[in-house]
Ligand SMILES: [Zn+2]
């Protein structure tokens, strides 16, 4: 049985959560103004008498999910939707708007949280009543962390429990697909935290293919962040329907766990395979994105053996980069440049520059940084996207402002990886993903 389908998701869900999802699905197709109105009308549900603090945070996480993955030309979706929603709620200053602002201050995107918190303070100062559940907001603490690993190496699930002060633990589960570059493919939450853990423990006892163990909270954070970044950076990741609903809540909870930059998410994966290669092979593996089996078969059908293409040759590299990005290459062939809100041509061009720098060892910092990112658990294609992120601003100055390439600026940007890239990816504003 696949690690995703071992039926541990709670079967019954409240009709409110179902309605919330239907509304969020519908909202994905709406324009920002309509989206804001839909979101505000949904906020009334936060005031229903049986809503718990867990329900409220889950509902707002689900609302936030309706713009996850949207790419807007020249705009950051968090800014367009998140900040506009906060302004709108602050203006309305109703009890529902206050409830929404209070939750946004907890589970909102980075920049929006502070803004939401200030707006909530103002609305509150105007005498608008605070819902009863609000007293528990911000009292959440980590409880325990478990990892269920499929011995075949296909996937792993993180089972994390947290608790609000004086409440039973709730659980968050993140499924990581190792075959798709360690992306977080599914995430869900349940109020019965201890039951969820016990169900996994019992399931692992009956299943010789699953290993279940308690892990250090810092490792759980490393795994979750690694996987969530990979999902955001992936091109059209095949995530579950629920993923976007719980993404914001998961991110917020995971950040309550201790951070340790020395801890690697999955020390035994691809990283080790690449690390064990000799210098030249390692350079190739870091320079060029891997080609998926379908595209590889296509190349072979054309009598082109990818192993015979020389990564030192820019023309050969171009073929390898294009074949690793079939959707980008196809768009360009059809005379379109935009693929999901970013430039396909620029994406491939930045890959080419990074690959050349790694193969030529010039500047040597590109390869060094690639190795450093590899050691912290990034796979080859994702670490290339991180390097491309560092390259994009100095490159923009060359292309748009016709300035000289500023190597020092580029090297300084490489030093800020992967944190700078992680933050940019979370805000949804990278050209290179
Ligand atoms: Zn790419």
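Annotations for the structure displayed:
- Two-site FRET efficiency, residue 298 against residue 213, from Cβ-Cβ distance with R₀ of 45 Å, rounded to 0.05: 0.65
- Taking N as the residue count of the range 141-254, its C-alpha radius of gyration divided by 2.2 N^0.38 Å amounts to 1.01.
- Helix 344-360 vs. the chain, principal-axis angle (Cα, 0 to 90°, nearest 10): 60
- The Rg/Rh ratio of the chain, with Rg taken over Cα atoms and Rh as the Kirkwood radius over Cα pairs, comes to 0.99.
- By the helix-only formula, in which each DSSP H run with n ≥ 4 contributes -39500 (n - 2.57) and the sum is divided by residues, the chain has a 222 nm mean residue ellipticity of -16000 deg cm²/dmol.
- Rough spin-label spacing in nm, given labels placed 7 Å along Cα→Cβ, for residue 201 and residue 312: 5.8
- Our note on the geometry: Cα centres of the range 348-424 and the range 106-170, 34 Å apart.
- Relative to the dominant Cα principal axis of the chain, helix 243-254 is inclined by about 80°.
- Listing 103, 145 from fewest to most neighbouring C-beta atoms within 10 Å gives 145, 103.
- Axis of helix 364-375 versus longest Cα principal axis of the chain: the two differ by about 50°, to the nearest ten degrees.
Laboratory data are not the source of any read-out in this text; all were calculated from the coordinates shown. All of these numbers come straight from a predicted model, not from anything done at the bench. Please note: Cβ atoms are built from the backbone with ideal geometry, for glycine as well, and neighbour counts cover all protein chains shown.
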